[in-house]
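**Student:** Have a look at this one before I ask anything.
The values are calculated or read from the model by the stated rules, or taken from the named source; none is laboratory data. Model, not experiment: these values are computed from the prediction. Every residue, glycine among them, receives a Cβ derived from its backbone with ideal geometry; neighbour counts consider all protein chains shown.
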Amino acid sequence: QDDLFKNIVSHAKEYGYIFPSSEIYDGLSAVYDYAQNGVELKKNIREYWWKAMVQMHENIVGIDAAILMHPTTWKASGHVDAFNDPLIDNKDSKKRYRADVLIEDYAEKINQKAQKEIEKARARFGEAFNEQEFVTTNARVVEYLAKKKEILERMARSLETENLADVKALIEELEIADPETGSKNWTDVKQFNLMFGTKLGASAESAMDLYLRPETAQGIFVNFLNVQKSGRMKVPFGIAQTGKAFRNEIVARQFIFRMREFEQMEMQFFVKPGEEMQWYKYWKTTRLNWHLSLGLGKENYRFHDHEKLAHYANAAADIEFNFPFGFKELEGIHSRTDFDLKAHEKHSGRKLQYFDPETNQNYVPYVVETSVGLDRMFLAVFSNSLKEETLEDGSVRTVLRLPAVLAPTKAAVLPLIKRDGLPELAQEIIEDLKWDFNVAYDEKDAVGRRYRRQDALGTPFCITVDHQSLEDKTVTIRHRDSMKQDRVKVSELKDIINQEVSM
Ligand code: ATP
């Protein structure tokens, strides 16, 4: 698993998808740059989302709010007071961890022990094995699972009541060690606000403390009435936005899964109070179907319905994806009630209400939110697509089986050799295709090696120009996944490519 993850990170760098930020200065922790191919893949994911959410829904419009917002926004949203992670430092290693993550990892270890027992029993009893019964009757498994539950419940209670001494006591009781050094010498647990602060204005007296937004959602809430009025929107309607968000996360080696600067794709759907559950269900299904449409495999997704809800929510679920390090949150779907709009009404003194022309009544709409991390989507797509395949002749090829619709480059045009007018004809084909697709040209090395390079880059098609092409205006088109090659007319290329790559 570790090797797989390392392989993904190095492939992303080698093939121009993702570089560590400011690498010549040894990088910046949990900050990454999207490279020449990465920026295209990321743009295509964003467009795929935007099209599904905005273009395909008559009652959803987009905005692009500023990253910097009036500081009272974050007071109203609760981020100033409550956007915290509980931190703990190890006195010996001087390493810093999220206390809740240390405890959760420990609980997961106990869970794994239970799973091992279950697997052992399954192997022993074979067909006759009844997992449900075993889990409730086998003393050891019952004990493991009860312990796991107790630990997580105690942690949740302590965090909810902000009893940080209890969180530390739990870490000590369980004898949790620093995962890197094994030391058990911990400091107290402290709350740490995840927002990045900055200043507006030049002189010290007039300067105003600002934050880089930790989520894009608030830019939507503060514009709710502007959009509703100027767009003559009728409830139910949605506002969508993609953009950067910033969180001073405490992270360890998670690549682009958890970054300090990342991009969100969010949509807030404003509904009549009382109708939120129906819309919550609608968006859960609709969003899962959007993910499934990419073809990364149904088995790689699951819902995690939250039992413990944030103070503003009356229902919440995550869509989890099977990342190289297991199932983790990819998207959140939250029924946020009227918490945000009411809070902004209170802090701004402005009314943020909808006038319902059918009932002649004013009300504050309820909100159902869908929120997905663009970088996490990128990681899901990229890690799921990277494959090592053993071919019939025994050789191994590395192929990035990106959904064709998302691939950075749709086709590479390759002259079989570098003379006899083949490069010129290849360029002519590029001149024609480039109005519709990103296409690449490559004439270096033997054609077989060029195919492999395009496989590793994720290019769905290779178009090879040979001597016959000069005579009859046909070329071979090679499909990345099947490696099948067809002889086709140059004039048919556009249609063939379009069939696979159009959104
Ligand atoms: P997590 O529990 O993983 O920290 P969260 O519940 O805080 O995530 P939300 O605030 O609901 O996340 O944000 C919505 C989405 O934004 C997440 O589902 C995730 O895809 C993405 N996201 C959140 N934080 C980060 C981050 N630090 N780096 C990359 N993506 C992120």
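**Student:** Please enumerate the residues belonging to segment 244-259 that are within 9 Å of the ligand (Cβ to nearest atom), buried (at least 21 other Cβ atoms within 10 Å of the Cβ), closer than 14 Å to L28 by Cβ and not β-branched (V, I, T).
**Tutor:** Passing the criteria: only M259.
**Student:** Another question, then. Could you grab me the full set of residues in segment 301-325 that are within 12 Å of the ligand (Cβ to nearest atom) and part of a strand (DSSP E or B)?
**Tutor:** Matches in segment 301-325: H304, A316, A317, D318, I319, E320, F321, F323.
**Student:** State yes or no: is F262 of a type in the set (F, W, Y), at pLDDT below 95 and either under 25 Å from S335 (Cβ atoms) or surrounded by 15 or more Cβ atoms within 10 Å (Cβ to Cβ) (or both)?
**Tutor:** The answer is no for F262.
**Student:** Oh, and also: Can you tell me how many residues within segment 365-395 are part of a loop (DSSP other than H, G, I, E, B) and either surrounded by 20 or more Cβ atoms within 10 Å (Cβ to Cβ) or not acidic (D, E) (or both)? It would help to see each step written out before you state the result.
**Tutor:** Within segment 365-395, the first condition is being part of a loop (DSSP other than H, G, I, E, B), and the residues that meet it are 365, 391-395.
Filter once more, so that each one left must be either surrounded by 20 or more Cβ atoms within 10 Å (Cβ to Cβ) or not acidic (D, E) (or both): 365, 391, 394-395.
Residues meeting the conditions: 4.
**Student:** Follow-up question, since we're still on this one. Take the residues of segment 76-99 that are in contact with a helix residue (DSSP H, G or I) (Cβ under 6 Å, 6 or more places away or on another chain) and in a helix (DSSP H, G or I): which is surrounded by the most Cβ atoms within 10 Å (Cβ to Cβ)?
**Tutor:** So the residue we want is A99.
**Student:** If you check Q36 against the conditions, is it loosely packed, with under 14 Cβ neighbours inside 10 Å, away from the ligand (no atom under 16 Å from the Cβ) and within 15 Å of P408 (Cα to Cα)?
**Tutor:** Spelling it out, Q36 is indeed loosely packed, with under 14 Cβ neighbours inside 10 Å, away from the ligand (no atom under 16 Å from the Cβ) and within 15 Å of P408 (Cα to Cα).
Let's see how each residue does on (1) small (G, A, S); (2) within 14 Å of the ligand (Cβ to nearest atom):
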{"position": "K351", "(1), (2)": "no, no"}
{"position": "D356", "(1), (2)": "no, no"}
{"position": "E369", "(1), (2)": "no, yes"}
{"position": "G373", "(1), (2)": "yes, yes"}
{"position": "A380", "(1), (2)": "yes, yes"}
{"position": "K387", "(1), (2)": "no, no"}
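**Student:** Taking segment 265-278, which residues are crowded, with 20+ Cβ neighbours inside 10 Å and more than 14 Å from the ligand (Cβ to nearest atom)?
**Tutor:** Correct list: F269, F270, V271, E276.
**Student:** What strands (runs of 3 or more DSSP E) completely inside segment 142-241 contain at least 2 residues that are surrounded by 13 or more Cβ atoms within 10 Å (Cβ to Cβ)?
**Tutor:** Correct list: 190-193, 208-211.
**Student:** Would you check which residues across segment 283-300 are assigned to a helix (DSSP H, G or I), touching a residue at least 40 places away in the same chain (Cβ under 8 Å) and not polar (S, T, N, Q) and list them?
**Tutor:** Result: W283, K284, R287, W290, H291.
Here is a yes/no grid of residues against (1) under 26 Å from Y17 (Cα atoms); (2) touching a residue at least 12 places away in the same chain (Cβ under 8 Å); (3) out of contact with any Phe, Trp or Tyr (no Cβ under 9 Å at 6 or more places or on another chain); (4) crowded, with 18+ Cβ neighbours inside 10 Å:
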residue: L422; (1), (2), (3), (4): no, yes, yes, yes
residue: E431; (1), (2), (3), (4): yes, no, yes, no
residue: K444; (1), (2), (3), (4): yes, no, yes, no
residue: G448; (1), (2), (3), (4): yes, no, yes, no
residue: A456; (1), (2), (3), (4): yes, yes, no, no
residue: S482; (1), (2), (3), (4): yes, no, yes, no
residue: K489; (1), (2), (3), (4): no, yes, yes, no
residue: Q499; (1), (2), (3), (4): yes, no, yes, no
residue: S502; (1), (2), (3), (4): yes, yes, yes, no
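**Student:** In the list V501, V413, which residue meets the criterion of being within 27 Å of the chain's Cα centre (by Cα) and among the β-branched types (V, I, T)?
**Tutor:** Numbers: V413 fails: within 27 Å of the chain's Cα centre (by Cα).
Being within 27 Å of the chain's Cα centre (by Cα) and among the β-branched types (V, I, T) holds for just one of V501, V413, which is V501.
**Student:** Let me ask you something else. Failed condition for F262, given (1) touching a residue at least 40 places away in the same chain (Cβ under 8 Å); (2) part of a loop (DSSP other than H, G, I, E, B), with all others met?
**Tutor:** Just one mismatch for F262, condition (2).
**Student:** Right, something else. Tell me which of these W186 doesn't satisfy, since it passes every other one: (1) within 16 Å of the ligand (Cβ to nearest atom); (2) out of contact with any His (no Cβ under 8 Å at 6 or more places or on another chain); (3) aromatic (F, W, Y).
**Tutor:** Result: W186 passes all but (1).
**Student:** Here's a check for you: in segment 326-349, which residue that is crowded, with 17+ Cβ neighbours inside 10 Å and either part of a loop (DSSP other than H, G, I, E, B) or of a type in the set (S, T, Y) (or both) is nearest to the ligand (Cβ to nearest atom)?
**Tutor:** S335
**Student:** May I ask you to list the residues in segment 1-16 that are in contact with a Lys or Arg (Cβ under 9 Å, 6 or more places away or on another chain) and either in a strand (DSSP E or B) or modelled with pLDDT of 95 or more (or both)?
**Tutor:** Scanning segment 1-16 gives a single hit, Y15.
**Student:** Would you check which residues across segment 389-422 are in contact with a helix residue (DSSP H, G or I) (Cβ under 8 Å, 6 or more places away or on another chain) and either under 26 Å from H467 (Cβ atoms) or within 16 Å of the ligand (Cβ to nearest atom) (or both) and list them?
**Tutor:** If the condition is that a residue be in contact with a helix residue (DSSP H, G or I) (Cβ under 8 Å, 6 or more places away or on another chain) and either under 26 Å from H467 (Cβ atoms) or within 16 Å of the ligand (Cβ to nearest atom) (or both), then T409, K410, A411, A412, V413, L414, P415, L416, D420, G421, L422 are the ones that fit.
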